[in-house]
Amino acid sequence: MNRADLTALTVKPDATVRAAIEAIDRSRRQIALVVDDTGRLVATVTDGDVRRGILRGVDLDGPVSQVMHTAPTTVTEGAPDAETRALIRARKLHHVPVLDAEGRPVDLATVEDLFGVTPKSTRVILMAGGLGTRLRPLTETIPKPMIDVGGRPLLEQIIGVFADQGFWRISISVNYRREMVQEHFGDGSAFGVSIDYIEEDRALGTAGALSLLKERPDEPFIVMNGDLLVSLQFSELLAFHREKRADGTLVVREYEQQVPYGVVRAEDGLMTGIEEKPVARHFVNGGIYVLSPRALDHVREGEPLDMPTLLTRLRDAGGRVGVYPLRDYWRDIGRIDDLEAARSDFEDIFRG
């Protein structure tokens, strides 16, 4: 970034929290750099730091020292991009200040620059409140989305897929053992995203939970079950939704079912043909959806509602419901054998 952009996101140690917020908003980089009178970096302030401070009751007109992080991760000017990318991945960072030999900021290395990812404003809502009864006894002590896949909780892997594609506004619907999810992810800053929570006191279903949204989205948003492992390019799904001018879009998978017998066809008591062990192909619900804001007009507050019912309501009301066939990797981790298959596939699909 150029010098003017870098200056826009810097504040002095005696600045107020409010001034840091203004620098964050002004630069649109989700970070402010705190520098001393010699220009050396002494701390950073991120959106997450500010949110945590507000929750603690910090006065916005108080000193920025109340919220700043005094031991930020940095890289030295001239460091190879490969090393910086590895650092960002390992520490789940969104940006890293680049310092000269004297410790003065000269650049800001970001996920966008290093990985070619453009931040997207699209809201992502992950449904993670189910009981996971088919995965017992594993889910007797932890919620299903927190089960380990690839060395991390499944929900963390899902969030990582979105973050790697530039989606950073994440809402998680929680119910069963919600505290485990909330304690692990917090506000999402440690994972390079911003997370808030939809707290269900009773099961409302994949669509009913949307009635608890604190803020109505103003553009199409993604809803996805929190027990899926997918390699879908979500920007392509959103482009399809807009191209179809849809009120809702349903991601589907092709499912094959072979009849184990010869199928006899007859008419007026006479055989017209025999097909040996035919294969029937169907599109099945993939548990991933895009909804336009107007779809929420069909969600009643506090009403248990699943997503297929909502999409049917949309269609019956004259709305357009798109069907997006998925060709990428998809695994619904609903049973023990699904979990074992996902763990086996993980290295090849997501690290291969």
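The values are calculated or read from the model by the stated rules, or taken from the named source; none is laboratory data. As the structure is a computational prediction, the values presented were derived from the model and not from experiment. We place every Cβ from the backbone using ideal geometry, glycine too, and count neighbours over all the protein chains shown. SASA here: full protein model, heavy atoms, side chains in, ligands and nucleic acids out. Shrake-Rupley method; radii C 1.70, N 1.55, O 1.52, S 1.80 Å.
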Among 124, 154, 189, pick out the residue whose Cα is farthest towards the positive end of the charge dipole of region 117-190, where Lys and Arg carry +1 and Asp and Glu carry -1 on C-beta, about the Cα centre.
-> 124
Count neighbours as other Cβ atoms within 10 Å of each site's Cβ, and list the trypsin sites (Lys or Arg not before Pro) in region 219-265 that are DSSP loop with at most 13 such neighbours.
-> 245
Check: the chain dipole with +1 on Lys, Arg Cβ and -1 on Asp, Glu Cβ, in debye | 380 debye
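Taking the solvent-accessible surface of protein heavy atoms with a 1.4 Å probe, what is the per residue accessible area of the chain in Å²?
Details: 17860 Å² over 352 residues.
Dividing the accessible area of the chain by its residue count gives 51 Å².
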Relative contact order (%) - the chain, alpha-carbon pairs under 8 angstrom, separation at least six | 14 percent
Share antiparallel - DSSP beta bridges, region 1-100, percent rounded to 5 | 65 percent
Projecting the Cα atoms of 114, 333, 239 onto the charge dipole of the chain, where Lys and Arg contribute +1 and Asp and Glu -1 at Cβ, the residue farthest towards the positive end is 239
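Extension gain residue 112-residue 38, at 0.36 nm per residue separation less the Cα-Cα distance, in nm? Each step should come with its number before you reach the end.
Values: separation 74, 0.36 × 74 = 26.64 nm, distance 2.91 nm.
Roughly 23.7 nm would be gained on extension.
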Normalising by the residue count of region 232-352, find the relative contact order in percent from Cα pairs under 8 Å and 6+ residues apart.
-> 32 percent
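Using the scaling law 2.2 N^0.38 Å as the reference, what is the normalised Cα Rg of region 275-352?
On the way: Rg = 17.4 Å, N = 78, 2.2 N^0.38 = 11.5 Å.
Normalised by 2.2 N^0.38 Å, the Cα Rg of region 275-352 equals 1.51.
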Report the percentage of all Cα-Cα pairs in region 89-214 whose separation exceeds 16 Å, rounded to a whole percent.
-> 66 percent
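Take the eigenvalues of the Cα gyration tensor for region 236-305, scale each by 5, and report the square roots as semi-axes in whole Å, largest first.
41, 16, 12
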Share of the chain's accessible area from carbon and sulfur, percent, 1.4 Å?
-> 48 percent
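Starting from region 141-236, pick out the GluC sites (Glu not before Pro) whose DSSP state is loop and whose Cβ has at most 10 other Cβ atoms within 10 Å.
On the way: sites: 156, 179, 183, 199, 200, 215, 236; in loops: 200, 215.
Filter output for region 141-236: 215.
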Taking only protein heavy atoms and a 1.4 Å probe, the highest-to-lowest accessible-area order of 69, 241, 298, 95 is 69, 298, 95, 241
Taking amide H positions as placed 1.01 Å from N in the peptide plane, with prolines and chain starts having none, which residues 5 or more places from residue 11, or on another chain, fall under 5 Å of its amide H?
-> 33, 34, 35
Using +1 at the Cβ of each Lys and Arg and -1 at the Cβ of each Asp and Glu in the chain, identify which of 292, 176, 101 lies farthest towards the dipole's positive end.
-> 292
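Please go through region 282-331 and write out the trypsin sites (Lys or Arg not before Pro) that DSSP classes as loop and that have at most 15 other C-beta atoms within 10 Å. Don't jump to the answer; show the numbers that get you there.
Values: sites: 294, 300, 313, 315, 320, 327, 331; in loops: 300, 320, 327.
Sparse-neighbourhood loop trypsin sites (Lys or Arg not before Pro): 300, 320, 327.
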